Amino acid sequence: MTLKNVCKYKIINLAIPKPLTTGKNYTRSPDVTVPEFHGFCWKFANVFSGVSRWNSRTRIFEENFTDGFSVIGAKSFPDENPRFYGLTFLHGYWTCDSTKIISVSPSTGQIEGTSELAYELADLTTDGNNLWAATRGNKILQFGKHPSMLYQEHTILCSELGGIAWDGSRIWTSDIEENLVYRLNNKMEIIATYRLVFIDEFKRSQIIKSISYLTFDFNGYLWAGDGKMLYKFGNE
């Protein structure tokens, strides 16, 4: 049974003039290279943060859009660490490592603690009071202020979840197999379905595939990424 047989949904194209790429469009400090992001969030209204793997180390980068990228904890994550993915900020940074949620100091980048879960995790977000996680399946997990406080798990009618984001009132999540983005209601039911479309310089429409990470900025714009490219969508 396909998703179309389970629920009715509409496809809305969210078009942008060009993609935002980590390699060309961002101003970077001279000693920092950011080849790709495996999770990102907004720390504050003017501070964009991403977790990236570079030279066999995982780092968290910050950019305030005036000084370019800076890196915190450049040597805090050992070489043998697996690749981290997913990132959110709630009194500190939170990222994923397979079945663990890891807390990271926002000032030093030092790992402050880990929480083991019986789920394989894909991405994280926060509503300002609680942590949320999307699993590499069809579950969304709701926590308190700490991942040790697991409140509920919600099953989503989808193929495989990727990114998760909070827009100020609703949870959004992406389906990396169907290349769709869902907006959910408070019961974690799909109430709107979107297909992200990139309009290139020749006005050709291209479906954006494998959306693994999502976040909303403080102005209501949706940011989506597949690990190598970042896309920004309007708040309409």
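The values are calculated or read from the model by the stated rules, or taken from the named source; none is laboratory data. Computed from a predicted structure; not experimentally measured. Note that each Cβ is placed from the backbone with ideal geometry, even for glycine, and that neighbours are counted across all protein chains shown.
With respect to the conditions (1) of a type in the set (Phe, Trp, Tyr); (2) in a loop (DSSP other than H, G, I, E, B); (3) over 20 Å from residue 40 (Cα atoms); (4) in contact with a strand residue (DSSP E or B) (Cβ under 9 Å, 6 or more places away or on another chain), residue 202 lacks only one, and its number is (4). Do we find a residue being more than 25 Å from residue 231 (Cβ to Cβ) and among the hydrophobic types (A, V, I, L, M, F, W, C) anywhere in the stretch 119-134? Scanning the stretch 119-134 turns up no residue that is more than 25 Å from residue 231 (Cβ to Cβ) and among the hydrophobic types (A, V, I, L, M, F, W, C). Can you name the residue in the stretch 89-145 that is of a type in the set (Val, Ile, Thr) and within 13 Å of the chain's Cα centre (by Cα) and, of all such residues, is surrounded by the most Cβ atoms within 10 Å (Cβ to Cβ)? In this case the residue turns out to be 125. Screening residue 195 with (1) at pLDDT 95 or above; (2) farther than 25 Å from residue 96 by Cα gives one miss only, at (1). Are any of the residues in the stretch 183-192 of a type in the set (Gly, Ala, Ser), within 28 Å of residue 115 (Cα to Cα) and in a strand (DSSP E or B)? Taking every residue of the stretch 183-192 in turn, none turns out to be of a type in the set (Gly, Ala, Ser), within 28 Å of residue 115 (Cα to Cα) and in a strand (DSSP E or B).
Restricted to the stretch 205-222, and to residues that are among the aromatic types (Phe, Trp, Tyr) and part of a strand (DSSP E or B), which residue is surrounded by the fewest Cβ atoms within 10 Å (Cβ to Cβ)? Among residues in the stretch 205-222 that are among the aromatic types (Phe, Trp, Tyr) and part of a strand (DSSP E or B), the one surrounded by the fewest Cβ atoms within 10 Å (Cβ to Cβ) is 216.
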